[in-house]
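Student: Just passing along the structure, written as structure tokens.
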Amino acid sequence: MKKITFLFVVLFQFSFSQGYTEYLTGNATDVNTSHESGICLMGGASENDEAMAWFLNKANGGDIVVLRASGSDGYNNYFYSQLGVTINSVRTFVISSEAGATNAYVLDKVNNAEAIWFAGGDQFDYVSFFKDNAMEDALNNFVNVKGGVIGGTSAGMAILGSGYFSAENGTVTNAQALSNPYHNRMTIGYNDFLDISFLEHVITDTHYDDPDRRARHTAFLARYATDNSSRAFGIACNEYTAVCVDDDGKAYVYGEYPTYPEYAYFLQSNCANEFLPENCTDGNALNWTRNNEAVKVYKVPGMVGGTNYFDLSDWQSGSGGTWENWYVNNGVFMTASTTNPNCNDVLDLEEVGIDNLTVSPNPFIDFIRLSSDFDGVEIRMYDVLGKQVEIALSGDHIDASSLHGGIYFLQVTKGDAVETFKLVKN
């Protein structure tokens, strides 16, 4: 008995000193598969089996890495043998420090994975251990170069948007967020951690069954819009609901509605010209009404089979959901039914054609070719959210290889003439 106790103490001390503990189920030998990209967002309670099978199928028989900051091997057998999807292995790393997250062995397994899953817990642990270091680089390379599938639940979902509530000073309530959007617990990071296609300008939230969520999430968006002078977006799930995003941007919602009230929510600041909060300042109650249409929300029931969806490539199209207005009147959160925000004219331009101008190909992959007289021509490109993106013009070619897949608007100006082309990058 003493020998067993001594061995346990030694193993515990070793795992603590190296900053991680590893649990492996399946084949220890790495495999390479024809995996697919995607995003799986889970609401925070027990997992939806259909959504998790969708996630595993994206790995196409490959290796799954689970990253967590607490707990143990709870996902290993569930992923490996309980969902009916054949995979090579499940490897869980319980990370206890930045040293563990940046350990060369851990990074190697992340780099070789076909799917990465973040468990729940405290999202500030993930921010503290994974951000601004080699793990952040490995995760962004996994998503944007290797094209693997990524996902998470609860805290693991909370860190996936380009904007994120870090919980550095603990959680924040509706009342705190609405009474002061710069409360010391409103700790929000912007565009400095994970870079995931279709989650740009997005702040996620979970456990939406809790009534102390929708208003604070609206306050998160108000902060994002104010601090970045940009429209803000959000995705949220009830606890037993999941959102699975394919590589074309369609976000399918899984749940057991109507047996249970399981919904996902897709939030966006209104696409009107004046979208910023009327008052989002430190020490004052949030005021964000914009004619009672400050935030447009598409509420989607999660169905068996994930038949309902919302399209993140345009943030307008969907199936099976209903639109709502959310707004905050001097610290009081309110909702009402509404209609589609109709943001087709996201650039709000008055078009005047340019002679002999053509743009090809469409869809494009890395380069766009223009045919026209280029003297005095100015070229800008915007994403579907209306944010200008960086491109490089060389002769009659535009290098757009750095852009994620999705919909873009190419604006060409020559003198008083302006022409805009809607393009799709594969």
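Values in this text are rule-based calculations from the coordinates and carry no lab data. In this text the structure is predicted, and so the values were computed from the model without any measurement. Methodologically, a virtual Cβ is constructed for each residue, glycine included, from the backbone with ideal geometry; neighbour enumeration extends over all protein chains shown.
Student: Treating only the Cβ atoms of Lys and Arg (+1) and Asp and Glu (-1) as charged, compute the dipole magnitude of the stretch 15-337 about its Cα centre; round to the nearest 20 debye.
Tutor: 400 debye
Student: Less than 11 Å Cβ to Cβ from GLY44, Lys/Arg counted +1 and Asp/Glu -1: what total charge do the surrounding residues give?
Tutor: Net charge in that neighbourhood comes out at -4.
Student: Using only Cα atoms and rounding to the nearest 10 degrees, what angle (0 to 90) does helix 49-59 make with the longest principal axis of the chain?
Tutor: Helix 49-59 and the main axis of the chain meet at about 80 degrees.
Student: Taking θ as phi - 60°, what are the ³J(HN,Hα) couplings along the stretch 136-149 by the Karplus curve (6.51, -1.76, 1.60), each to the nearest whole Hz, with x for Gly and Pro?
Tutor: Along the stretch 136-149, the couplings run 4, 4, 5, 5, 5, 5, 4, 6, 9, 10, 6, x, x, 8 Hz.
Student: What is the list of residues in the stretch 47-85 whose amide nitrogen lies under 13 Å from a point 7 angstrom out from the Cα of LYS146, following Cα to Cβ?
Tutor: 59-60, 62-67
Student: If you stretched the chain out fully between LYS422 and TYR260, how much longer would it get, using 0.36 nm times the residue separation minus the C-alpha to C-alpha distance?
Tutor: 54.3 nm
Student: Between the helical axis of 2-18 and the dominant principal axis of the chain, each derived from Cα atoms, what acute angle in degrees is found, rounded to the nearest 10?
Tutor: 20 degrees
Student: Also: Say R0 is 25 Å: what FRET efficiency, to the nearest 0.05, do ASP49 and TRP323 get from their beta-carbon distance?
Tutor: Numbers: r = 30 Å, r/R0 = 1.18.
With a Förster radius of 25 Å, E is 0.25.
Student: Write down the Kirkwood hydrodynamic radius of the chain, to one decimal in angstroms, obtained as one divided by the mean of 1/r over all alpha carbon pairs.
Tutor: Hydrodynamic radius (Kirkwood, Cα pairs) of the chain is 22.8 Å.
Student: Let me ask another. Which residues in the stretch 307-337 place their backbone N less than 18 Å from a point set 7 Å from the Cα of ALA272 along the Cα-to-Cβ direction?
Tutor: 323-337, by backbone N distance to the label point.
Student: Could you work out how far apart the two model spin labels at SER70 and GLN18 are, taking each label as a point 7 Å from the Cα in the direction of the beta carbon, and quote it in nm?
Tutor: Computed distance between label sites SER70 and GLN18 equals 2.4 nm.
Student: Considering only MET303, ASN325, SER34, whose Cα is most displaced toward the positive end of the charge dipole of the stretch 15-337, charges sitting on Cβ of Lys, Arg (+1) and Asp, Glu (-1)?
Tutor: So the residue furthest toward the plus end is ASN325.
Student: Once amide H atoms are built 1.01 Å from N in the peptide plane, which residues 5 or more positions from VAL389, or in another chain, come under 5 Å H to H?
Tutor: Result for VAL389 returns MET381, TYR382, ASP383.
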